[in-house]
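Novice: Got a structure here, written out as structure tokens. Questions coming.
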Amino acid sequence: MASTLPATGFVRLPQILEVIPIGKSTWWAGVKSGKYPAPVKLGENTTVWKAEDIHALIARMASKEGV
């Protein structure tokens, strides 16, 4: 599933939500609370996340589920 994300570089929110099936508001609440990685602002209207951070998040989520 996570193979649709690049190994390195930046990913946008729609790419993240393809592999982590939650809503946008749930994602942003998790970012605000520190549950999910902090974004990087590339410009006024461009917010991205480091692909490495998202892969680490997926690995943590999988280990918590005992998968």
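Novice: Only residues that are surrounded by 14 or more Cβ atoms within 10 Å (Cβ to Cβ) and either without any contact (Cβ under 8 Å) to a residue 40 or more places away in the chain or at positive phi (or both): list them for segment 8-25, please.
Specialist: LEU13, GLN15, ILE16, LEU17, VAL19
Novice: Filtering segment 26-63 down to residues that are in contact with a Ser or Thr (Cβ under 8 Å, 6 or more places away or on another chain) and hydrophobic (A, V, I, L, M, F, W, C), which residue is surrounded by the fewest Cβ atoms within 10 Å (Cβ to Cβ)?
Specialist: For segment 26-63, the residue satisfying everything is VAL40.
Any read-out appearing in this document is the output of simple, stated calculations on the displayed coordinates, not a laboratory observation. The model shown is predicted, which means the values in this text are computed figures rather than measured ones. With ideal geometry, Cβ positions are generated from the backbone for all residues, glycine too; neighbour counts draw on all protein chains shown.
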